[in-house]
Amino acid sequence: DAVPPADVVTANLTGALLVAQAAAIQALVRPGGTLVVSGILGPEVDDVRGALAGGLTPVDEAVED
């Protein structure tokens, strides 16, 4: 069974997996909803940002050592 879209979706995954599954992850977010991603390493940020750019608007970003 398919998972219905939600208002808030969280994804604590590797950058590579976020890129590979970007379309499926975005499909889980209801229009106007929020996607929170984490677990991304510095060198992966641009690829993840690019993969998730379609239909999503970045709001905030936090970097941790």
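The values are calculated or read from the model by the stated rules, or taken from the named source; none is laboratory data. Every value quoted in this text rests on a predicted model; they were computed, and no experiment measured them. Positions of Cβ are backbone-derived with ideal geometry, glycine not excepted, and every protein chain shown enters the neighbour counts. We work out accessible area using only protein heavy atoms, side chains counted, and drop any ligands, DNA or RNA first. Shrake-Rupley method; radii C 1.70, N 1.55, O 1.52, S 1.80 Å.
Potential lengthening of the chain between residue 16 and residue 3 amounts to 2.5 nm, from the contour at 0.36 nm per residue minus the alpha-carbon distance. Within the chain, the ratio Rg/Rh, alpha carbon atoms throughout and Rh by Kirkwood, equals 0.95. Taking GluC sites (Glu not before Pro) across the chain, the ones in a DSSP loop with at most 10 further Cβ atoms lying within 10 angstrom of their Cβ are 61, 64.
The residues of the chain expose on average 74 square angstrom of accessible surface per residue, using a 1.4 Å probe on protein heavy atoms. Carbon-plus-sulfur accessible fraction, the chain (probe radius 1.4 Å, protein heavy atoms only): 57%.
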